Amino acid sequence: MPTPTRSLRFLSGTVFALCLVALSNGAATEKPAAKGVDVKSRASAVSVPPEFWNGLERHEIQLKQKLLVVKGSRGLVACPYLKIETFARGGEACAIIPAANIDGMLKSKVTAVTPKAQELGIEVGMSGREALERIR
């Protein structure tokens, strides 16, 4: 199996998010294939202009709980389903924001960050909206 660092560099989109699930659990596990849902075209439940999401890839993947990943050009924001330590070891800028769906990340607060995310000015307690702006 490739190292987490190599996997993080070369994967993108839904495949990237699914591999992160395996990495966050410590090893790949046998699970039924999850279908990714690209939420770029969904109407926002939170009053935020659609332009806010420009430059951000959004993914909601239905597992036992939803796996949420938002990727920008400078880093990513994910739900607590994933372990922050995996991103830190890979030198990635990542913030963990608990939410039930992508739009909920805007109002929720950051609960964990990697050192690389701190370099972008993302801090624990910051609003999800602010963290998302900084990874864009």
Exercise. Length gain on complete extension for the stretch residue 54 to residue 133, per 0.36 nm per residue less the alpha carbon to alpha carbon distance?
Worked result: 27.4 nm
Seminar exercise, completed: Of 88-97, 108-117, ordering from highest average Cβ density within 10 Å down gives 88-97, 108-117
Seminar exercise, completed: Two pseudo-spin positions, 7 Å from Cα along C-beta at residue 62 and at residue 101, lie apart in nanometres by 1.2
Exercise. Dipole of the range 59-136 (Lys/Arg Cβ +1, Asp/Glu Cβ -1, origin at the Cα centre): which of 99, 67, 117 lies farthest to the positive side?
Worked result: 67
Seminar exercise, completed: Rounded to the nearest whole number, the per residue volume of the convex hull around the C-alpha atoms of the range 60-122 in Å³ is 80
Exercise. With every protein chain present, what is the per residue accessible area of the range 49-114 (1.4 Å probe, Å²)?
Worked result: 44
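The values are calculated or read from the model by the stated rules, or taken from the named source; none is laboratory data. Owing to the predicted nature of the structure, the values given are computational and were not obtained by experimental measurement. Positions of Cβ are generated from backbone atoms using ideal geometry, with glycine treated the same way; all protein chains shown enter the neighbour counts. Note: accessible area is taken over every heavy atom of the protein model, side chains too, but ligands, DNA and RNA are not part of it. Shrake-Rupley method; radii C 1.70, N 1.55, O 1.52, S 1.80 Å.
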